[in-house]
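Colleague: One structure, as structure tokens, below. Some questions next.
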Amino acid sequence: MSSREQMIRDIERELDGTRNLVGRSAFSEPVMNALQEVPREAFVPLSERRLAYNNGPLPIGCGQTISQPYIVALMTDLLDVDAESVVLEVGTGSGYQAAVLSRVVSQVYSIEIIEALSQRASEVLRRLSYDNVVCRCSDGYLGWPEHGPYDGILVTAACREIPQPLVTQLKPGARMVVPVGPAFSYQDLVLVEKSDEGEVSERKILGVAFVPLTGDHGRDSV
């Protein structure tokens, strides 16, 4: 069995153990195909590549991490998006989550506040021909209103409160997945849903551990 196939088995095993929390017994075929297809080793530093397909987070420099594959699969699946969807990602990091999203949706707009990470992720995504991902270096708390409203928003950094600019940029009938809680402490992965009438509801999914959202606005929320 290859390392990538073992990663898929590990994701399925962890989902089996958390099905009552996340409300599903399997992730969608497009999501699992994306996890199978995207070369995770291309998005981690050389020093971490032997661990690229372990079902755990890894450091990527600048105090940031690449998320655990199970969490990447879960967050992508919770968005409930399809091949016609346009999605905003807040926190490009390594670019891995954006690459996975790009295999599921039509277009990904991804924001990263750390310039070195944004540039590196952009280069990797371009080299691997993920042409439907556009990266920008800016404060993700504010979103990217020029391309909204979005069919889904995925936040990969912890916020003390859900950023209102992102809720505003969420299309009616769409979802946002965001970790909420104090920096370096217990956080909840929260599913935010905006009804067709514009009413917003929130549901806690399970406990997670993410690095905090940063920037002038991010510091107010963590």
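Colleague: Consider residue 112 against the criteria (1) under 20 Å from residue 165 (Cβ atoms); (2) of a type in the set (D, E, K, R); (3) surrounded by fewer than 22 Cβ atoms within 10 Å (Cβ to Cβ): it satisfies all of them except one. Which criterion is unmet?
Modeller: In the conditions (1) under 20 Å from residue 165 (Cβ atoms); (2) of a type in the set (D, E, K, R); (3) surrounded by fewer than 22 Cβ atoms within 10 Å (Cβ to Cβ), residue 112 misses (3) alone.
Colleague: Can you confirm whether region 79-89 contains a residue that is among the acidic types (Asp, Glu), modelled with pLDDT of 95 or more, within 24 Å of residue 207 (Cα to Cα) and surrounded by fewer than 19 Cβ atoms within 10 Å (Cβ to Cβ)?
Modeller: yes
Colleague: Give the residue, chosen from 84, 37, that is under 19 Å from residue 106 (Cβ atoms) and in contact with a strand residue (DSSP E or B) (Cβ under 9 Å, 6 or more places away or on another chain).
Modeller: 84
Colleague: Here's a follow-up. In region 35-50, which residues are within 14 Å of residue 67 (Cβ to Cβ) and assigned to a helix (DSSP H, G or I)?
Modeller: 35, 40, 43, 48
Colleague: Which of (1) polar (S, T, N, Q); (2) over 13 Å from residue 28 (Cα atoms); (3) within 14 Å of the chain's Cα centre (by Cα) is the odd one out, the single condition residue 76 does not satisfy?
Modeller: Of the numbered conditions (1) polar (S, T, N, Q); (2) over 13 Å from residue 28 (Cα atoms); (3) within 14 Å of the chain's Cα centre (by Cα), the odd one out for residue 76 is (2).
Colleague: Still on this model: Can you find even one residue in region 85-92 that is among the small types (Gly, Ala, Ser) and at positive phi?
Modeller: Yes, region 85-92 contains a residue that is among the small types (Gly, Ala, Ser) and at positive phi.
Colleague: Select from region 105-122 the residues that are part of a strand (DSSP E or B) and in contact with a helix residue (DSSP H, G or I) (Cβ under 7 Å, 6 or more places away or on another chain) and list them in ascending order.
Modeller: 108, 109, 110, 111, 112, listed by residue number.
Colleague: Scanning region 25-51 for residues that are more than 18 Å from the chain's Cα centre (by Cα) and either acidic (Asp, Glu) or within 15 Å of residue 78 (Cα to Cα) (or both), which turns out surrounded by the most Cβ atoms within 10 Å (Cβ to Cβ)?
Modeller: 48
Residue by residue, here is whether (1) among the acidic types (Asp, Glu); (2) more than 16 Å from the chain's Cα centre (by Cα) holds:
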{"residue": "163", "(1), (2)": "no, no"}
{"residue": "176", "(1), (2)": "no, no"}
{"residue": "186", "(1), (2)": "no, yes"}
{"residue": "196", "(1), (2)": "yes, yes"}
{"residue": "210", "(1), (2)": "no, no"}
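Colleague: Would you check if there is a residue in region 123-141 being in contact with a His (Cβ under 6 Å, 6 or more places away or on another chain) and either part of a loop (DSSP other than H, G, I, E, B) or on the phi > 0 side of the Ramachandran plot (or both)?
Modeller: yes
Colleague: Which of the residues spanning region 84-99 are outside any loop (DSSP other than H, G, I, E, B) and not aromatic (Phe, Trp, Tyr)?
Modeller: Selection gives 86, 87, 88, 89, 90, 97, 98, 99.
Colleague: While we're looking at this one, here's another question. What's the total number of residues in region 7-26 that are among the polar types (S, T, N, Q), free of Cβ contacts under 8 Å to residues at least 12 places away in the same chain and not in a loop (DSSP other than H, G, I, E, B)?
Modeller: So the answer is 1.
Colleague: Continuing with the same structure: Tell me, please, whether a residue that is surrounded by fewer than 17 Cβ atoms within 10 Å (Cβ to Cβ), among the basic types (Lys, Arg), without any contact (Cβ under 8 Å) to a residue 40 or more places away in the chain and more than 26 Å from residue 69 (Cα to Cα) can be found in region 192-208.
Modeller: no
Colleague: What is the residue count in region 139-165 for residues that are surrounded by fewer than 15 Cβ atoms within 10 Å (Cβ to Cβ) and either under 13 Å from residue 215 (Cα atoms) or touching a helix residue (DSSP H, G or I) at 6+ places or on another chain (Cβ under 7 Å) (or both)?
Modeller: Result for region 139-165: 1.
The values are calculated or read from the model by the stated rules, or taken from the named source; none is laboratory data. If you're wondering where the values come from, they're calculated on a predicted model, not measured in any experiment. When we count neighbours, we look across all protein chains shown, and the Cβ atoms used for this are built from the backbone with ideal geometry, even at glycine.
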